[in-house]
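Asker: Mind having a look at this structure? Questions to follow.
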2 protein chains.
Amino acid sequence: MEYNYKISINYDGGRYEGWQRQKGRLTIQETLEDCIGNICGEKIKVIASGRTDAGVHALEQTANFHAKVKLKKEQFLRECNEKLPEDIRIMTMETVDAKFHSRYDAVEKTYCYTIDLRERPNVFTRRYAYSVREELNVQEMERAAELLTGIHDFRSFTSEKRKEKDTVRNLKSIVMVNTNQYLKLYFRGDGFLYHMVRILAGTLIEIGLGKKIVEEIPEIFQAKNRFRAGFMAPAHGLMLVEVIYETKE
Amino acid sequence: MEYNYKISINYDGGRYEGWQRQKGRLTIQETLEDCIGNICGEKIKVIASGRTDAGVHALEQTANFHAKVKLKKEQFLRECNEKLPEDIRIMTMETVDAKFHSRYDAVEKTYCYTIDLRERPNVFTRRYAYSVREELNVQEMERAAELLTGIHDFRSFTSEKRKEKDTVRNLKSIVMVNTNQYLKLYFRGDGFLYHMVRILAGTLIEIGLGKKIVEEIPEIFQAKNRFRAGFMAPAHGLMLVEVIYETKE
């Protein structure tokens, strides 16, 4: 008998070499596996909805793990959060169906890319917002966002090397929230390729700066070539906001 | 001929041993003096409205410095902010009367102490909010705040050792803003003694936790003894918000 536990995790990725366990490097996965394994008294493998890059944050990452031990929710959360470093918090835990898989079963994800628009960026958000000191033409960015949205082959927008891999994704929406101090770009989609959100953010920023024009977007898609798209915006501006699962009745 | 320049500064105090220059330690004052001195081509002394403690932040600290060179505002701000580490920003600069002194001429200051009320504190604000995981009785804290407000001898609320020093201050208001996730305590007064805001915050927290009762406050004032007041709340929750100067007509 084994239990399957689903958890949601809040982390500041600044200190970490990303989600995925790598020998000799500080990762979110290893930190969580060590902590949960210690509490469960067995070796634990934590599967996330997706592997965030080095430096990327999560407001709500979803993961699951299997364990032989029956865990009590409140006690588990208290013990974990006492043991974890203060830049990782497990926010919720629940027992789920044995077949639940946090990566395969995710049907939608939302990422937010935050740009600090101020000439003199706020020191208190510098770790979570990318500072662009030149003026951005947000209207042009909105036009570009419309063209980027939808079902497309996003091969030009990924650093993924494997040629045979399916690179078609449904980018359901790009919503921009402009407070004059910050410009937040919310990307909602059924899934994202390696580096895709950061390359989309970089491409939108280049359009906002006038380094690229909206009319290039169809060509960028057609080229299926990473070098046609914009730069990869820095990791610290990116936050995984939400992961959605199908509710099975 | 010498010019007197007034600047406002935004800093994250987390890395620094406070405002005041100390041999062999990283301080805000020395960092600013080195940077501005470099730009002016002369030795510069930067006087702040007050010396924030190690780890305390400033949304808007005010300071002034004298220099022989005539500085151009935009160029000065750009050069400073390029040279300064990213946790210190000079936000504004203006030429002021030769007699202006940022410490002696300050007539009012506002500090904010931020408490994270969540059982699992937000990782993204952990450097700027003190996490209190037990429930706080905010109503009792409000009652206590009323008794603390006004013109009092705050000797019990300072770590200041000098006995002869004048410890009477006018604490004009304590405003509490409770968002359920955070409780922010705004302290507005004509001046604050060494550690005073953090001891006031700690005393209010102890009242909120039921470790002290509101009725003790008159005794605490009368005792004129640091040990009667509450604990000193940690530095990272404290932020200097604003410094007000008399507008001379």
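Asker: Measure up B:Lys70/B:Lys99; B:Lys23/B:Lys99; B:Lys6/B:Lys224; A:Lys83/B:Lys184 against 25 Å on the Cα-Cα distance and list the ones that go over.
Answerer: The pairs that break the limit, which is 25 Å between Cα atoms, are B:Lys23/B:Lys99; B:Lys6/B:Lys224; A:Lys83/B:Lys184.
Asker: Could you compute the net charge surrounding A:Asn122? Neighbours are other residues with a C-beta less than 10 Å from the C-beta of A:Asn122; K and R count +1, D and E count -1.
Answerer: +2
Asker: For A:Glu82, project a label point 7 Å along Cα to C-beta. Then give me every residue of region A:30-73 with its amide nitrogen under 16 Å of that point.
Answerer: Correct set: A:35-41, A:72-73.
Asker: How far, in nm to one decimal, is B:Arg162 from itself in the other copies if the label point is set 7 angstrom along Cα toward Cβ? Shortest first, please.
Answerer: Nearest to farthest, the other copies are at 7.1 nm.
Asker: Neighbouring Cβ atoms within 10 Å as the yardstick, rank A:Ser156, B:Ser159 fewest first.
Answerer: So the ranking, lowest neighbour count to highest, is B:Ser159, A:Ser156.
Asker: Quick check: Cα centre of region A:201-231 to Cα centre of region B:78-150, how many Å?
Answerer: 42 Å
Asker: Give me a single rounded figure for B:123-133: the average over its residues of other chain Cβ atoms within 10 Å of their Cβ.
Answerer: That works out to 4 on average.
Asker: Let me ask you something else. Between A:Ile213 and B:Arg25, what is the spin-label point distance in nm, taking each point 7 Å from the Cα along the Cα→C-beta axis?
Answerer: Roughly 5.9 nm, to one decimal.
No lab work stands behind these numbers, since they all come straight from the coordinates. Every value quoted in this text rests on a predicted model; they were computed, and no experiment measured them. Every residue, glycine among them, receives a Cβ derived from its backbone with ideal geometry; neighbour counts consider all protein chains shown.
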